[in-house]
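J.: Take this structure, written in structure tokens, and hold onto it; I'll ask about it next.
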Amino acid sequence: MIGRLRGTIEQVEEDACVVDVNGVGYVVHASARTLRELSPGVEARLLVETVVREDAILLYGFIAGSERDWFRILTTVQGVGAKVALSLLSTLAPDELASAIVAQDKASLNRAAGVGPKLAARLTTELKDKATQWGAIPGARATTAPKADSPVSAPSANEDAISALVNLGYKRMEAFGAIARVAQRLGADAKIDALIREGLRELAR
């Protein structure tokens, strides 16, 4: 299994590149984000994920470790193959992807080729915990799950504040980020009016 390649970029195509390593040219598929960082004739180091199929051995390359990590996470979801995972990573940077999943921002996920409404919903449902643990917003971490016999709480003030900002015309991911940062400053007992007021100030910066 190949985990890393270091060599000269021989060719950059629409969805792949050719890396010359000691005279051997490896075809490496990559996201548009990674391919933009590569130029023919320049030496590069790529982290590689090797995918073995019945009919082929395919290499997927990443300049950033965070991209490779998200490639692995995304391909655990039913309906997300390597091609769709690269499409998502071409559309959204790893931190943007995590934020979109935590914010349940299906519209941002739908921008990626091959991702329809059903798949976007599956991504936000199945990967929300992993995205939160990733730290989609600075300082964000997964919280302890409530006990099975705990009463179901009403929608939080944070969620209401996000909805209010969306109703004012802000994108959900922008509103989510602003309220997440404000909530960290104000604490868990912050009232919705304070969250909205400070959220607007955050977005105005």
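J.: Can you name the residue in segment 93-111 that is touching a Phe, Trp or Tyr at 6+ places or on another chain (Cβ under 9 Å) and in a loop (DSSP other than H, G, I, E, B) and, of all such residues, is nearest to SER31 (Cα to Cα)?
T.: For segment 93-111, the residue satisfying everything is ASP105.
J.: Quick check on my filter: what residues within segment 190-205 are over 10 Å from ASN158 (Cα atoms) and not in a helix (DSSP H, G or I)?
T.: Of everything in segment 190-205, just one residue is over 10 Å from ASN158 (Cα atoms) and not in a helix (DSSP H, G or I), namely ARG205.
J.: Identify all residues within segment 59-85 that are among the charged types (D, E, K, R) and closer than 23 Å to GLU14 by Cβ; write none if there are none. Don't jump to the end; show me each part of the working.
T.: Quick first cut of segment 59-85, residues among the charged types (D, E, K, R) only: 67-69, 72, 83.
Scanning segment 59-85 gives GLU67, ARG68, LYS83.
J.: Moving on to the next point. For segment 41-72, what are the residues that are surrounded by fewer than 21 Cβ atoms within 10 Å (Cβ to Cβ), small (Gly, Ala, Ser) and under 22 Å from the mean Cα position of the chain (by Cα)?
T.: Once the filter is applied, which keeps residues that are surrounded by fewer than 21 Cβ atoms within 10 Å (Cβ to Cβ), small (Gly, Ala, Ser) and under 22 Å from the mean Cα position of the chain (by Cα), segment 41-72 yields ALA64, GLY65, SER66.
J.: Only one of ALA30, ALA85 is touching a Gly at 6+ places or on another chain (Cβ under 9 Å), surrounded by 12 or more Cβ atoms within 10 Å (Cβ to Cβ) and under 22 Å from GLY114 (Cα atoms). Can you tell me which?
T.: Sole residue among the options that is touching a Gly at 6+ places or on another chain (Cβ under 9 Å), surrounded by 12 or more Cβ atoms within 10 Å (Cβ to Cβ) and under 22 Å from GLY114 (Cα atoms): ALA30.
J.: Something else now. Among the residues that make up segment 13-34, is at least one of them under 25 Å from the mean Cα position of the chain (by Cα), outside any loop (DSSP other than H, G, I, E, B), within 22 Å of LYS130 (Cβ to Cβ) and outside the structural domain of SER87 (by TED's automatic domain parsing)?
T.: Yes; the residues of segment 13-34 include at least one that is under 25 Å from the mean Cα position of the chain (by Cα), outside any loop (DSSP other than H, G, I, E, B), within 22 Å of LYS130 (Cβ to Cβ) and outside the structural domain of SER87 (by TED's automatic domain parsing).
J.: I'm told ARG122 meets every condition in (1) in contact with a helix residue (DSSP H, G or I) (Cβ under 8 Å, 6 or more places away or on another chain); (2) modelled with pLDDT of 85 or more; (3) not hydroxyl-bearing (Ser, Thr, Tyr) except one. Can you identify the failing condition by its number?
T.: (1)
J.: Conditions first: (1) within 28 Å of PRO117 (Cα to Cα); (2) outside any loop (DSSP other than H, G, I, E, B); (3) free of Cβ contacts under 8 Å to residues at least 60 places away in the same chain; (4) not hydrophobic (A, V, I, L, M, F, W, C). THR76 passes all but one, so which condition is the exception?
T.: Here THR76 meets the rest and fails (2).
The values are calculated or read from the model by the stated rules, or taken from the named source; none is laboratory data. A quick note: this is a predicted structure, and the numbers were derived from the prediction, not measured. Counting neighbours? That spans all protein chains shown, and the Cβs are built from the backbone with ideal geometry, glycine included.
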